[in-house]
1. Would it be correct to say that residue 252 is open to solvent by less than 50 Å² (accessible area, probe 1.4 Å), assigned to a helix (DSSP H, G or I) and either modelled with pLDDT of 95 or more or among the hydrophobic types (A, V, I, L, M, F, W, C) (or both)?
2. Specify the residue that is surrounded by the fewest Cβ atoms within 10 Å (Cβ to Cβ); the eligible residues are those in region 255-281 that are among the aliphatic types (A, V, I, L, M) and within 17 Å of the chain's Cα centre (by Cα).
3. Out of all the residues in region 50-79, which are under 24 Å from residue 93 (Cβ atoms) and among the acidic types (Asp, Glu)?
4. Filter region 255-279 down to the residues that are in contact (Cβ under 8 Å) with a residue 40 or more places away in the chain and in a loop (DSSP other than H, G, I, E, B) and list them by number.
5. Go through region 156-167 and give me each residue that's without any contact (Cβ under 8 Å) to a residue 12 or more places away in the chain and either in contact with a helix residue (DSSP H, G or I) (Cβ under 9 Å, 6 or more places away or on another chain) or basic (Lys, Arg) (or both).
6. Would you point out the residue of region 97-122, among those that are over 17 Å from the mean Cα position of the chain (by Cα) and without any contact (Cβ under 8 Å) to a residue 40 or more places away in the chain, that is surrounded by the fewest Cβ atoms within 10 Å (Cβ to Cβ)?
7. Of the residues 63, 141, 159, which single one is within 24 Å of residue 179 (Cα to Cα) and open to solvent by 50 Å² or more (accessible area, probe 1.4 Å)?
8. If we scan region 233-247, do we find a residue that is under 25 Å from residue 1 (Cβ atoms) and either without any contact (Cβ under 8 Å) to a residue 60 or more places away in the chain or buried (at least 16 other Cβ atoms within 10 Å of the Cβ) (or both)?
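The values are calculated or read from the model by the stated rules, or taken from the named source; none is laboratory data. Since this is a predicted model, take the numbers as computed values, not measurements. Methodologically, a virtual Cβ is constructed for each residue, glycine included, from the backbone with ideal geometry; neighbour enumeration extends over all protein chains shown. Ligands, DNA and RNA are stripped out before the accessible areas are found, and what is left, the full protein with its side chains, is counted by its heavy atoms. Shrake-Rupley method; radii C 1.70, N 1.55, O 1.52, S 1.80 Å.
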Amino acid sequence: MADFTLTRIDTGEAELRVSVGGSGPPVLLLHGHPRTHTTWRHVAPLLAADHTVVCPDLRGYGESSKPETTPDHAPYSKRAMARDLVVLMRELGHERFAVVGHDRGGYVATRLALDHPDLVTHLVALDVVPIGSALARCGAEFARSWWHWFFLAQPEVPERVICADPDAWYRTDRKPVDDDTLRAMHDPATVHAMVEDYRAGLGVDRAHDDADLAAGRRVRCPVLVLWAEGDLPTLYGDVLGVWRDWADDLRGHGMRSGHHLAEDVPGELAAELREFLRVAG
């Protein structure tokens, strides 16, 4: 991302490290766990040809600040992270924008679209369904494949296990990561903040999703859902069927990729995003 500008912006609740480049309609790219904004290093330059591309480290991740937590873990809720991003985009001069989120960033992107519908023009969710929907459908296969959700939500122990040998935990010998992400994995403060994200996921985040479903709140903008072919369908079958509880203007399909689409198939993903972002929002 050599042609991007790296800066820091204070949102009032957190300070975010952010990389910005390109020109044109703004699009916000949100990474997942345990990545940083550099997960977009192959996709962002392709989008920057005709979009202003904004790639932050979410609060708690990478080199963004790590607010003190609370017993309910609300400082690491997706609602809190979404508030950061509203301020971030306004500080950069963008009142309305598209948002793309992968993994944990997909939950933040969805919450951003639900809480701030007048600001989000397009929502792209990569290899996720909303947290509330995932937990409501949690069965034996989910528990077997995604057991880390429940381990990382436990008190104290996850940080001790991960920090004892981050490379072993994240299997970096078999799943290499970029240097920026590697530094984040080895920082105990970042590990704690990332774990807080999961603790919020099983509590306050699910409560927010369940309240929205009960109230009939839906994503109002166009939605694109893309997923790794061997991932979500094994859990949910009809992935778009899950998302129909949340959005009407919906499209999507599987891709021949691993979980990290932006790193595995960046050219194909960028082409999908550029086509979708031409849809009126």
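1. So residue 252 fails the test.
2. 270
3. 50, 57, 63
4. Once the filter is applied, which keeps residues that are in contact (Cβ under 8 Å) with a residue 40 or more places away in the chain and in a loop (DSSP other than H, G, I, E, B), region 255-279 yields 259, 260, 279.
5. Passing the criteria: 157, 160, 161.
6. 118
7. Details: 141 fails: within 24 Å of residue 179 (Cα to Cα); 159 fails: open to solvent by 50 Å² or more (accessible area, probe 1.4 Å).
Checking each option against the conditions leaves just 63.
8. Keep residues of region 233-247 that are under 25 Å from residue 1 (Cβ atoms), which gives none.
The answer is no, given that none of the residues of region 233-247 is under 25 Å from residue 1 (Cβ atoms) and either without any contact (Cβ under 8 Å) to a residue 60 or more places away in the chain or buried (at least 16 other Cβ atoms within 10 Å of the Cβ) (or both).
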